[in-house]
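Take a look at the structure set out below.
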Amino acid sequence: LLRRVCNVDGLARVRFTTSHPKDFGAGIIRAVAELPQACEHFHLPIQSGDDEILRSMGRGYTLEDYRSLVAQIRTAIPDAAISTDVMVGFPGETDEQFENTLAAFQEIRFDQAFMFIYGDRPGTAASRMEPKVPRQVAVERLQRLSALQNRISREINEAQVSKVFEVLVEGPSEKAPERWSGRTRSNKLIMVEPPQGVRPGDLITIKTQKAFL
(Lines give C-alpha, C1' and ligand atoms only; values in the text may rest on other atoms or scores of the structure.)
Protein backbone atom coordinates (compact mmCIF):
# COMPACT_ATOMS: atom_id res chain seq x y z
CA LEU A 1 0.00 0.00 0.00
CA LEU A 2 2.81 2.43 0.82
CA ARG A 3 4.44 1.75 -2.53
CA ARG A 4 1.15 2.22 -4.43
CA VAL A 5 0.34 5.46 -2.62
CA CYS A 6 3.80 6.83 -3.35
CA ASN A 7 3.12 6.38 -7.06
CA VAL A 8 0.60 9.24 -6.92
CA ASP A 9 1.94 12.14 -9.00
CA GLY A 10 2.82 15.26 -7.06
CA LEU A 11 2.70 13.62 -3.63
CA ALA A 12 5.58 15.00 -1.54
CA ARG A 13 5.11 13.16 1.74
CA VAL A 14 3.48 10.03 3.16
CA ARG A 15 3.57 9.36 6.89
CA PHE A 16 2.73 5.83 8.02
CA THR A 17 1.02 5.65 11.40
CA THR A 18 0.23 3.60 13.49
CA SER A 19 1.24 -0.06 13.46
CA HIS A 20 0.65 -2.67 16.15
CA PRO A 21 4.09 -4.20 16.86
CA LYS A 22 2.81 -7.74 16.25
CA ASP A 23 1.72 -6.70 12.74
CA PHE A 24 4.78 -4.62 11.94
CA GLY A 25 7.46 -6.21 9.77
CA ALA A 26 10.53 -5.75 7.63
CA GLY A 27 8.44 -4.97 4.54
CA ILE A 28 7.19 -1.69 6.02
CA ILE A 29 10.70 -0.72 7.10
CA ARG A 30 12.07 -1.45 3.62
CA ALA A 31 9.31 0.58 1.99
CA VAL A 32 9.98 3.62 4.17
CA ALA A 33 13.72 3.28 3.58
CA GLU A 34 13.32 3.05 -0.20
CA LEU A 35 10.47 5.45 -0.97
CA PRO A 36 11.53 9.11 -1.12
CA GLN A 37 8.03 10.29 -0.20
CA ALA A 38 7.82 8.09 2.92
CA CYS A 39 8.73 10.04 6.05
CA GLU A 40 11.40 8.69 8.38
CA HIS A 41 9.10 8.41 11.37
CA PHE A 42 7.49 5.40 13.01
CA HIS A 43 4.82 5.44 15.71
CA LEU A 44 5.09 2.05 17.39
CA PRO A 45 3.16 1.64 20.67
CA ILE A 46 5.12 -0.26 23.31
CA GLN A 47 2.44 0.03 26.06
CA SER A 48 4.69 -1.60 28.69
CA GLY A 49 8.30 -2.66 29.11
CA ASP A 50 7.40 -5.77 31.09
CA ASP A 51 6.63 -9.10 29.43
CA GLU A 52 4.09 -10.24 32.03
CA ILE A 53 2.11 -7.02 31.70
CA LEU A 54 2.27 -7.28 27.91
CA ARG A 55 0.80 -10.80 28.19
CA SER A 56 -1.96 -9.54 30.49
CA MET A 57 -2.73 -6.84 27.94
CA GLY A 58 -2.93 -9.45 25.19
CA ARG A 59 -0.40 -7.55 23.11
CA GLY A 60 1.08 -10.59 21.37
CA TYR A 61 4.75 -9.59 21.58
CA THR A 62 7.57 -9.45 24.13
CA LEU A 63 9.96 -6.66 24.99
CA GLU A 64 12.65 -8.53 23.06
CA ASP A 65 10.37 -8.64 20.00
CA TYR A 66 9.91 -4.88 20.32
CA ARG A 67 13.65 -4.31 20.73
CA SER A 68 14.24 -6.28 17.54
CA LEU A 69 11.84 -4.06 15.57
CA VAL A 70 13.56 -0.92 16.85
CA ALA A 71 16.97 -2.35 15.92
CA GLN A 72 15.72 -3.15 12.40
CA ILE A 73 14.39 0.40 11.98
CA ARG A 74 17.60 2.02 13.17
CA THR A 75 19.76 -0.23 11.02
CA ALA A 76 17.77 0.51 7.87
CA ILE A 77 17.06 4.20 8.61
CA PRO A 78 19.58 5.54 11.15
CA ASP A 79 17.94 8.99 11.36
CA ALA A 80 14.40 7.68 11.83
CA ALA A 81 12.35 9.07 14.69
CA ILE A 82 10.40 6.62 16.81
CA SER A 83 7.44 7.65 18.95
CA THR A 84 5.27 5.43 21.12
CA ASP A 85 2.27 4.99 23.42
CA VAL A 86 2.60 3.65 26.96
CA MET A 87 0.23 2.90 29.81
CA VAL A 88 1.06 2.83 33.52
CA GLY A 89 -0.99 1.36 36.33
CA PHE A 90 -2.39 -1.61 34.40
CA PRO A 91 -4.07 -4.05 36.83
CA GLY A 92 -1.47 -6.04 38.74
CA GLU A 93 1.48 -3.85 37.70
CA THR A 94 4.09 -4.05 40.46
CA ASP A 95 6.83 -1.57 41.28
CA GLU A 96 9.36 -3.91 39.65
CA GLN A 97 7.30 -4.21 36.48
CA PHE A 98 7.01 -0.43 36.26
CA GLU A 99 10.80 -0.18 36.72
CA ASN A 100 11.10 -2.47 33.67
CA THR A 101 9.15 0.11 31.66
CA LEU A 102 11.47 2.87 32.87
CA ALA A 103 14.47 0.76 31.88
CA ALA A 104 13.00 0.13 28.42
CA PHE A 105 12.54 3.87 27.89
CA GLN A 106 16.10 4.56 29.00
CA GLU A 107 17.37 1.91 26.57
CA ILE A 108 15.24 2.67 23.50
CA ARG A 109 15.20 6.49 23.81
CA PHE A 110 11.98 7.43 22.04
CA ASP A 111 11.71 10.81 20.34
CA GLN A 112 8.25 11.26 21.80
CA ALA A 113 5.79 9.29 23.91
CA PHE A 114 2.07 9.56 24.58
CA MET A 115 1.65 8.43 28.19
CA PHE A 116 -1.56 7.36 29.89
CA ILE A 117 -2.85 6.04 33.20
CA TYR A 118 -4.92 2.87 32.96
CA GLY A 119 -8.65 3.30 33.50
CA ASP A 120 -11.35 0.61 33.56
CA ARG A 121 -13.60 0.35 30.52
CA PRO A 122 -16.82 -1.61 31.12
CA GLY A 123 -16.94 -4.94 29.34
CA THR A 124 -13.19 -5.30 28.80
CA ALA A 125 -11.16 -8.20 30.17
CA ALA A 126 -8.87 -5.77 31.99
CA SER A 127 -11.77 -4.26 33.91
CA ARG A 128 -12.19 -7.64 35.65
CA MET A 129 -8.49 -8.04 36.48
CA GLU A 130 -7.17 -7.62 40.02
CA PRO A 131 -5.49 -6.10 41.90
CA LYS A 132 -6.11 -2.55 40.75
CA VAL A 133 -3.20 -0.14 41.11
CA PRO A 134 -4.10 2.70 43.50
CA ARG A 135 -4.71 5.94 41.63
CA GLN A 136 -2.02 7.87 43.51
CA VAL A 137 0.56 5.17 42.75
CA ALA A 138 -0.33 5.31 39.05
CA VAL A 139 -0.08 9.12 39.06
CA GLU A 140 3.37 8.97 40.67
CA ARG A 141 4.48 6.41 38.07
CA LEU A 142 3.26 8.60 35.24
CA GLN A 143 5.13 11.58 36.69
CA ARG A 144 8.38 9.60 36.89
CA LEU A 145 8.01 8.27 33.35
CA SER A 146 7.10 11.71 32.00
CA ALA A 147 10.16 13.26 33.62
CA LEU A 148 12.41 10.62 32.09
CA GLN A 149 10.88 10.96 28.62
CA ASN A 150 11.04 14.76 28.76
CA ARG A 151 14.76 14.57 29.49
CA ILE A 152 15.34 12.13 26.64
CA SER A 153 13.26 14.19 24.19
CA ARG A 154 15.16 17.35 25.09
CA GLU A 155 18.52 15.60 24.62
CA ILE A 156 17.45 14.28 21.21
CA ASN A 157 16.15 17.70 20.15
CA GLU A 158 19.29 19.49 21.36
CA ALA A 159 21.35 17.19 19.15
CA GLN A 160 19.38 18.53 16.16
CA VAL A 161 20.36 22.18 16.69
CA SER A 162 22.21 23.78 13.74
CA LYS A 163 21.03 21.06 11.37
CA VAL A 164 19.09 21.67 8.16
CA PHE A 165 15.57 20.27 7.77
CA GLU A 166 12.81 20.19 5.20
CA VAL A 167 9.69 21.57 6.89
CA LEU A 168 6.07 21.23 5.79
CA VAL A 169 4.50 24.57 6.73
CA GLU A 170 1.22 24.30 8.65
CA GLY A 171 0.52 27.99 9.32
CA PRO A 172 0.42 30.36 12.31
CA SER A 173 1.14 28.65 15.62
CA GLU A 174 -1.79 28.42 18.04
CA LYS A 175 0.50 28.98 21.03
CA ALA A 176 2.63 31.73 19.47
CA PRO A 177 0.67 33.41 16.63
CA GLU A 178 3.63 35.68 15.79
CA ARG A 179 5.40 32.57 14.49
CA TRP A 180 4.46 29.84 12.07
CA SER A 181 4.77 26.13 12.74
CA GLY A 182 5.57 23.15 10.57
CA ARG A 183 6.72 19.54 10.67
CA THR A 184 9.98 17.92 9.71
CA ARG A 185 9.96 14.57 7.96
CA SER A 186 10.60 12.99 11.37
CA ASN A 187 7.42 14.71 12.67
CA LYS A 188 9.20 17.22 14.90
CA LEU A 189 7.37 20.52 15.39
CA ILE A 190 9.37 23.50 14.12
CA MET A 191 8.65 27.16 14.86
CA VAL A 192 9.75 29.68 12.22
CA GLU A 193 9.45 33.40 11.58
CA PRO A 194 6.52 34.07 9.20
CA PRO A 195 8.06 33.23 5.83
CA GLN A 196 7.45 35.81 3.06
CA GLY A 197 5.39 34.42 0.21
CA VAL A 198 5.02 31.00 1.85
CA ARG A 199 1.62 29.38 2.29
CA PRO A 200 0.42 26.49 4.45
CA GLY A 201 1.29 23.27 2.66
CA ASP A 202 4.55 24.59 1.22
CA LEU A 203 7.86 22.86 1.84
CA ILE A 204 10.71 25.06 3.04
CA THR A 205 14.28 24.41 4.17
CA ILE A 206 15.39 25.77 7.56
CA LYS A 207 18.36 25.56 9.90
CA THR A 208 17.45 25.01 13.55
CA GLN A 209 18.67 27.46 16.19
CA LYS A 210 17.25 26.29 19.50
CA ALA A 211 15.73 23.15 20.98
CA PHE A 212 12.64 22.73 23.13
CA LEU A 213 10.60 19.78 24.36
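The values are calculated or read from the model by the stated rules, or taken from the named source; none is laboratory data. From a predicted model like this one, the values you see are computed outputs, not experimental measurements. Reconstructed Cβ throughout: ideal geometry from the backbone, glycine too, with neighbour counts over all protein chains shown. In case anyone asks, the SASA skips ligands and DNA or RNA and just uses the protein heavy atoms, side chains included. Shrake-Rupley method; radii C 1.70, N 1.55, O 1.52, S 1.80 Å.
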request  = Taking residue 89 as meeting all but one of (1) open to solvent by less than 80 Å² (accessible area, probe 1.4 Å); (2) on the phi < 0 side of the Ramachandran plot; (3) of a type outside the set (Val, Ile, Thr); (4) in contact with a strand residue (DSSP E or B) (Cβ under 6 Å, 6 or more places away or on another chain), write down the number of the exception.
outcome  = (2)
key: Candidates 145, 213, filtered to the one that is exposed (fewer than 13 other Cβ atoms within 10 Å of the Cβ) and among the aliphatic types (A, V, I, L, M)   = 213
query = Looking at (1) in contact with an Asp or Glu (Cβ under 9 Å, 6 or more places away or on another chain); (2) part of a helix (DSSP H, G or I); (3) in contact (Cβ under 8 Å) with a residue 12 or more places away in the chain, which is the only condition residue 154 fails?
reply = (1)
message = So, residue 68, is that one under 18 Å from residue 138 (Cα atoms) and open to solvent by 20 Å² or more (accessible area, probe 1.4 Å) or not?
response = no
query = Quick one: residue 121 ticks every box in (1) open to solvent by less than 90 Å² (accessible area, probe 1.4 Å); (2) touching a Ser or Thr at 6+ places or on another chain (Cβ under 9 Å) bar one, so which box is it?
reply = (1)
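A quick yes/no check of all residues on (1) touching a helix residue (DSSP H, G or I) at 6+ places or on another chain (Cβ under 8 Å); (2) more than 28 Å from residue 157 (Cβ to Cβ); (3) among the charged types (D, E, K, R):
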{"residue": "59", "(1), (2), (3)": "yes, yes, yes"}
{"residue": "68", "(1), (2), (3)": "no, no, no"}
{"residue": "72", "(1), (2), (3)": "yes, no, no"}
{"residue": "100", "(1), (2), (3)": "yes, no, no"}
{"residue": "110", "(1), (2), (3)": "yes, no, no"}
query = Which of (1) within 19 Å of residue 52 (Cα to Cα); (2) surrounded by 19 or more Cβ atoms within 10 Å (Cβ to Cβ); (3) among the small types (Gly, Ala, Ser) does residue 103 not meet, given it meets every other one?
reply = (2)
remark   = Checked pairs for the stretch 22-41, first open to solvent by 30 Å² or more (accessible area, probe 1.4 Å), second assigned to a strand (DSSP E or B), C-beta under 6 Å and 6 or more apart or across chains, list as 37/14
message = Which count do you get for residues in the stretch 1-14 that are closer than 15 Å to residue 33 by Cβ and either open to solvent by less than 60 Å² (accessible area, probe 1.4 Å) or touching a strand residue (DSSP E or B) at 6+ places or on another chain (Cβ under 6 Å) (or both)?
response = 3
message = Against the conditions (1) surrounded by fewer than 21 Cβ atoms within 10 Å (Cβ to Cβ); (2) closer than 18 Å to residue 150 by Cβ, where does residue 79 fall short? Just the number, please.
response = (2)
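Does residue 186 meet the test of being under 17 Å from the mean Cα position of the chain (by Cα) and among the small types (Gly, Ala, Ser)? Break it down stepwise before answering.
On the way: under 17 Å from the mean Cα position of the chain (by Cα): yes; among the small types (Gly, Ala, Ser): yes.
Yes; evaluated as a whole, the condition is true for this residue.
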query = Are any of the residues in the stretch 157-164 modelled with pLDDT of 95 or more and either closer than 20 Å to residue 17 by Cα or among the small types (Gly, Ala, Ser) (or both)?
reply = yes
